[in-house]
Structure formats: C-alpha cells, structure tokens
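The values are calculated or read from the model by the stated rules, or taken from the named source; none is laboratory data. Quick caveat: nothing in here was measured; it's all calculated off a predicted structure. Positions of Cβ are generated from backbone atoms using ideal geometry, with glycine treated the same way; all protein chains shown enter the neighbour counts. To get the accessible areas, we keep the full protein, side chains included, count just its heavy atoms, and leave off ligands, DNA and RNA. Shrake-Rupley method; radii C 1.70, N 1.55, O 1.52, S 1.80 Å.
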Amino acid sequence: MTDPWVALAADTDPGEQSGALRRAHDVFTSAGRLERPVRAVVGASWRRSARARVSPDDAPAVELGPDELGPYRDAHPLARAMPVIRELMGAYATDGEHLLAVCDAHGRLLWVEGHTAARRRAGLMNFVEGARWAESVAGTNAPGTAIAVDRPVQVFAAEHFLRPVQQWTCAAAPLHDPHTGRVLGAVDITGGDRLAHPHSLAFVQAVARAAESQLALLAPPPDVEAVRLDALGRDEALLVARGRRLRLSRRHSEILVALARRPEGLSGDELLIELYEDESVTPVTLRAELSRLRRLLGPDLLDSRPYRLAVPVDADFDTVTRRLASGAVAAALDAYAGPLLPGSRAPSVVRLRRRITEQLRAALIARGDPGLLADWAYSPWGEEDLPVWRALAGAVPEDQRPALLARVRSLDAEQRG
C-alpha cells in the first residue's frame with residue numbers, strides 16, 4: 001500500500017482483515033499492546049483514545065438537542081457548502097445504502113443523511129445529528145480522527161475503537177475555511193464493507209475540495225485592513241498591517257500589547273502605569289516613544305486622546321485566551337508560541353504573561369492528556385515546570401513513569417535547594 005491513510009488495498013479480503021483487526025483490538029484494549037495488522041495511524045489513534053479514557057463499549061452522547069441543533073447548524077459556515085455536498089454525495093449514499101455526514105470542528109454531527117435503513121441502524125450507536133463523535137469521546141472513527149490529525153482518513157471495521165461501530169467502514173476529510181485555513185469540520189461517508197476501497201477516500205477528498213471551493217466563492221474576501229500582532233515567544237513583536245511586516249522594538253511591542261488589550265484606549269497617565277516600573281519616567285519620554293511609533297505605523301493606525309489603536313487587532317495572545325475560554329485546550333496550546341514578550345518588565349505585560357501562562361498550564365494539568373502535557377514539559381518554557389512534570393508522570397503508562405519520576409525528583413531537589 002502506498003497511502004497509509006487508506007484502510008485496505010484494492011486486492012485485500014475485507015473478511016479476513018476484519019477478523020485479524022478484531023483480535024488486535026482485543027489485545028490492545030485488554031493489554032495495551034499493538035499488534036499487526038494495525039496501521040500506524042490507527043495505532044496512534046487508539047493510544048489517544050485510551051489516554052482520553054474512552055471505553056470501547058460506550059456510545060457517543062447527543063450534545064445538541066433538537067432546539068439547539070437547528071439554529072446552530074443554520075448559522076454554521078458549513079451550511080453554505082451543504083448543497084454541493086448533497087449534490088455530489090446524496091445519490092451515492094442513498095443508492096449504495098450509505099450515509100453522508102458532516103460534523104463541526106468539535107466532532108458534533110450536524111447533518112446525517114442517506115439510506116433510510118442505514119440511518120436506522122446507525123441510530124442504534126448514536127450516529128445521529130447532534131451527537132459528538134470527536135476522537136476524544138468516541139475513539140477512533142473517520143470524522144473524529146480526520147479532525148484530530150487534520151488529514152483525510154479511512155477507518156475500517158475493527159479499526160474503530162468502539163465495538164458497536166466495528167460493523168461499519170467510513171472515510172472522512174477535514175473541511176477548512178478557505179481564507180484562514182481553520183478547520184471547520186469534516187465530511188464523512190459511512191457504510192458497510194463495500195466502502196473498504198481506496199476509491200472511497202479519494203471520493204470524500206474530492207467532495208471536501210469542492211465544498212471548500214464553494215465556500216471560497218461565497219465567503220467575503222479577507223479583510224485587507226486587518227492588523228495582526230504576534231507577541232508570544234518573542235521579545236520583539238511582529239506586526240502585520242496592510243501588507244507590511246514590521247518587527248517592533250521592545251518598547252513599541254509593549255505599547256502595542258497594552259493598547260491591544262484596551263481597545264477603548266488609555267490616557268497618557270494610564271499608559272505610563274501600564275508600561276513603566278520606574279515612577280521617575282516622565283510623560284515626555286512616553287510621548288516621544290508614541291511619536292516614533294506613529295511615524296512607523298502611519299497616522300491612521302494610532303490615535304491619541306486617548307491613545308488607542310484605530311483598527312481592530314488580531315493578537316496571538318488573545319487567540320490563546322479565547323480558545324481556553326471555549327474549552328479548546330489543545331487548540332490553545334497549539335497557538336501558544338511561548339511566554340508573552342518574555343524579556344519585558346512592563347507591569348501590564350508581566351501581569352498578562354503570568355495570567356495566560358497560569359491559565360494554560362492549569363487547563364493542561366486538569367485535562368491530564370499526556371501528549372499535551374509532554375508538549376509543554378519538553379518546551380523551553382516548561383522544562384523546569386515541576387507541577388506539569390508531576391502531572392505528566394501521573395498520566396503516562398507505568399512503564400514510562402520511572403524516567404519521568406526521576407525528572408520530578410531532580411526538579412524538586414533543585415527548587416528546594
């Protein structure tokens with residue numbers, strides 16, 4: 001096989017492969033050991049499912065009831081792509097006794113359509129509109145895993161982590177916002193063994209590309225006036241404004257962070273308090289910095305009386321806090337490039353840096369996902385973070401703990417000494 005994301009080669013016997021996979025699934029769920037013929041992509045997904053404490057005998061829960069589902073999906077960006085998806089997949093699903101499904105970025109099924117008998121059977125395992133099939137709650141499955149890895153993927157029979165789903169085969173591809181690249185959800189085709197063919201994955205990939213093309217035609221073009229500020233993990237912030245990329249000085253970086261956090265504006269006295277530890281710094285010094293910054297940015301980006309940014313700013317640190325507020329811990333960590341302006345001693349930056357760091361690490365510890373904890377622990381800013389190393393040692397399988405516990409003891413001794 002040349003494509004590891006395809007479940008079976010065209011000349012493979014599905015019945016023979018299904019039995020071998022079922023035995024491998026039993027070994028993994030009982031002993032935690034991966035055996036052939038489990039593909040690497042499926043093995044990695046099984047491990048994530050086990051770390052998320054998904055029970056192989058559970059069924060996904062319905063999160064969006066009838067009163068919530070209709071308004072939510074009507075307002076969802078993917079609603080505009082559904083005519084194209086139905087046109088390409090509707091007859092194929094109905095005639096082949098399959099289902100087409102579209103989920104959002106959280107794995108919640110917004111549309112499940114197709115053959116009537118197939119829908120009835122799928123309902124027995126809660127593959128219904130409003131149910132959440134994210135990998136973290138439903139284990140390995142095509143739409144949930146496609147979102148988790150941001151790749152098209154096919155899942156066959158006992159490759160599914162949940163036993164009630166192992167009579168099905170599915171193929172799914174993620175759907176992206178054509179302008180930002182953000183994952184909006186996934187499109188899926190679900191049915192029996194007849195879908196266990198490389199053509200099924202190619203088909204759903206083609207549908208996803210057509211849907212994204214339709215969204216690109218219907219969506220408004222990106223805002224050319226938008227201003228982007230990246231200040232995480234760097235001492236000198238990067239500003240992207242109207243086609244220009246500006247690397248800012250440390251002081252200008254601090255000013256823009258302070259103003260981005262207060263879109264209503266700050267007086268000169270307030271900005272002095274936000275920026276300077278030294279109370280002897282005069283308003284004249286601040287005005288000189290602001291004058292230089294205005295010349296750099298242009299007069300139409302920075303207003304005075306009060307000092308404020310004249311256009312909305314999309315800041316990377318705000319992205320992290322928004323994702324944390326919505327419970328998207330993995331996405332928040334993905335957006336976190338490091339501490340905010342780590343060399344800055346400006347009081348407002350220090351407070352914001354500490355708050356973002358503490359909120360993110362607390363969320364990671366509460367989630368208890370060893371992969372996310374390891375991403376933090378092995379980063380430059382997390383290598384001496386004792387609470388995270390302790391959480392990581394408690395989250396991994398027993399055979400991985402000794403080395404991590406040794407690291408915990410070493411850090412504890414260093415920090416006590």
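For beta carbons closer than 6 Å, sequence separation of 6+ or different chains, a first residue in the range 281-294 that is over 13 Å from ARG308 (Cα atoms) and a second that is of a type outside the set (Ser, Thr, Tyr) and open to solvent by less than 30 Å² (accessible area, probe 1.4 Å), the qualifying pairs are PRO283/GLY268; LEU286/LEU272. Taken over the range 274-306, the criterion of being part of a helix (DSSP H, G or I), within 36 Å of the chain's Cα centre (by Cα) and buried (at least 17 other Cβ atoms within 10 Å of the Cβ) is satisfied by GLU274, LEU275, LEU293, LEU297.
Quick grid of which residues meet (1) open to solvent by 10 Å² or more (accessible area, probe 1.4 Å); (2) touching a Lys or Arg at 6+ places or on another chain (Cβ under 9 Å); (3) within 26 Å of ALA61 (Cβ to Cβ); (4) among the charged types (D, E, K, R):
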site: HIS115; (1), (2), (3), (4): yes, no, yes, no
site: ALA131; (1), (2), (3), (4): no, yes, yes, no
site: ARG182; (1), (2), (3), (4): yes, no, yes, yes
site: ARG194; (1), (2), (3), (4): yes, no, no, yes
site: HIS197; (1), (2), (3), (4): yes, no, no, no
site: GLN214; (1), (2), (3), (4): yes, yes, no, no
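Test ASP67 against the stated conditions and say whether it is open to solvent by 70 Å² or more (accessible area, probe 1.4 Å) and among the charged types (D, E, K, R). Yes. Step by step: first the residues of the range 367-388, then only those that are outside any loop (DSSP other than H, G, I, E, B), of a type in the set (Gly, Ala, Ser) and without any contact (Cβ under 8 Å) to a residue 24 or more places away in the chain, then the one that is nearest to ALA330 (Cα to Cα). Which residue is that? Of everything passing the filter in the range 367-388, ALA374 is nearest to ALA330 (Cα to Cα).
In the range 215-231, the count of residues that are part of a helix (DSSP H, G or I), modelled with pLDDT of 90 or more, under 30 Å from ARG80 (Cα atoms) and under 27 Å from the mean Cα position of the chain (by Cα) is one or more. Answer yes if at least one residue in the range 50-62 is modelled with pLDDT of 85 or more, surrounded by fewer than 16 Cβ atoms within 10 Å (Cβ to Cβ) and part of a helix (DSSP H, G or I), and no otherwise. For the range 50-62, residues modelled with pLDDT of 85 or more, surrounded by fewer than 16 Cβ atoms within 10 Å (Cβ to Cβ) and part of a helix (DSSP H, G or I): absent. For the range 248-273, a residue qualifies if it is among the small types (Gly, Ala, Ser), within 32 Å of the chain's Cα centre (by Cα) and assigned to a helix (DSSP H, G or I), and the qualifying residues are SER253, ALA258, ALA260.
For ALA413, are the conditions met, namely being within 30 Å of TRP46 (Cβ to Cβ) and either among the β-branched types (Val, Ile, Thr) or assigned to a helix (DSSP H, G or I) (or both)? Against the criterion (within 30 Å of TRP46 (Cβ to Cβ) and either among the β-branched types (Val, Ile, Thr) or assigned to a helix (DSSP H, G or I) (or both)), ALA413 does not qualify.
Within the range 142-168, being farther than 17 Å from THR29 by Cα and of a type in the set (D, E, K, R) holds for ASP150, ARG151. Could you tell me whether the range 74-96 includes any residue that is touching a residue at least 40 places away in the same chain (Cβ under 8 Å), of a type in the set (Phe, Trp, Tyr) and open to solvent by 40 Å² or more (accessible area, probe 1.4 Å)? Yes: the range 74-96 contains one or more residues that are touching a residue at least 40 places away in the same chain (Cβ under 8 Å), of a type in the set (Phe, Trp, Tyr) and open to solvent by 40 Å² or more (accessible area, probe 1.4 Å).
Filtered by the rule that a residue be open to solvent by less than 30 Å² (accessible area, probe 1.4 Å), within 22 Å of ARG262 (Cα to Cα) and modelled with pLDDT under 90, the range 325-360 gives ALA332, ALA335. In the range 307-324, of all residues being aliphatic (A, V, I, L, M) and in a helix (DSSP H, G or I), the one that is surrounded by the fewest Cβ atoms within 10 Å (Cβ to Cβ) corresponds to LEU324. Contact map, the range 341-366: residues that are polar (S, T, N, Q) paired with residues that are surrounded by fewer than 18 Cβ atoms within 10 Å (Cβ to Cβ) and not in a helix (DSSP H, G or I), Cβ distance under 9 Å, separation 6+ or inter-chain. Pairs shown: SER344/ASP235; SER348/ARG262; THR357/TRP381.
Looking across the range 4-59 at every residue that is among the polar types (S, T, N, Q) and within 28 Å of the chain's Cα centre (by Cα), the one that is farthest from THR190 (Cα to Cα) is identified as THR29. Taken over the range 223-267, the residue count meeting the criterion of being open to solvent by 20 Å² or more (accessible area, probe 1.4 Å) and at positive phi is 3.
Based on this model, can you work out whether PRO402 counts as open to solvent by 20 Å² or more (accessible area, probe 1.4 Å) and in contact (Cβ under 8 Å) with a residue 12 or more places away in the chain?
Details: open to solvent by 20 Å² or more (accessible area, probe 1.4 Å): yes; in contact (Cβ under 8 Å) with a residue 12 or more places away in the chain: no.
So PRO402 does not fit the description; no.
Annotation for the range 361-368: at least one member residue is on the phi > 0 side of the Ramachandran plot and either among the hydroxyl-bearing types (Ser, Thr, Tyr) or open to solvent by 10 Å² or more (accessible area, probe 1.4 Å) (or both).
Yes or no, residue by residue, for (1) at pLDDT 90 or above; (2) surrounded by fewer than 24 Cβ atoms within 10 Å (Cβ to Cβ); (3) within 15 Å of LEU109 (Cβ to Cβ); (4) touching a Gly at 6+ places or on another chain (Cβ under 6 Å):
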{"residue": "ALA146", "(1), (2), (3), (4)": "yes, no, yes, no"}
{"residue": "HIS160", "(1), (2), (3), (4)": "yes, no, no, no"}
{"residue": "ALA171", "(1), (2), (3), (4)": "yes, no, no, no"}
{"residue": "VAL204", "(1), (2), (3), (4)": "yes, no, no, no"}
{"residue": "ARG209", "(1), (2), (3), (4)": "yes, yes, no, no"}
